[in-house]
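All remarks here apply to the structure that follows.
The values are calculated or read from the model by the stated rules, or taken from the named source; none is laboratory data. The model shown is predicted, which means the values in this text are computed figures rather than measured ones. We place every Cβ from the backbone using ideal geometry, glycine too, and count neighbours over all the protein chains shown. The protein model used for the area step is the full one, side chains on, heavy atoms only, and it has no ligands, DNA or RNA in it. Shrake-Rupley method; radii C 1.70, N 1.55, O 1.52, S 1.80 Å.
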Amino acid sequence: MAVYPFQFVNRRGSAAISTSGVTVNTANVVFSFPNHAFVNAWYRGTIYIDIAQAVPTGTTGTLPVLFETNGATQAVTKYNGEALTAADIPGTGVYEFWFDRATNTLQIMTGVV
């Protein structure tokens, strides 16, 4: 049995999902997903998210972006753990992220922000 200095990710392919709504409040911008979208998903790898709703015009650009499903929220980061903000989402479309369930890391990939 060979021992590799790396781990295999995306074992069943990359995940893809679309947002179902966006809500803005004084503390953050929350993109929601259909209930049970990630049920029993112990995932590590790339995920493609189709942000189907634009951040509403007039939203403060410094508000952090969160993702929500089944009543649970997940912070989204950029490099160095900085919060992804409303200003970092220029419009609708497909964005690429890295997700690691073991560390609860959801980070947008380079080339977008």
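Modelled spin-label separation between ASN35 and ASN80, with each label point placed 7 Å from Cα along the Cα-to-Cβ direction: 4.1 nm.
Skip the ligands, DNA and RNA, and give the accessible area per residue of the range 58-113 with a 1.4 Å probe, whole Å². List each step's numbers first, then the result.
Numbers: 2940 Å² over 56 residues.
Roughly 53 Å² per residue, with all protein chains present.
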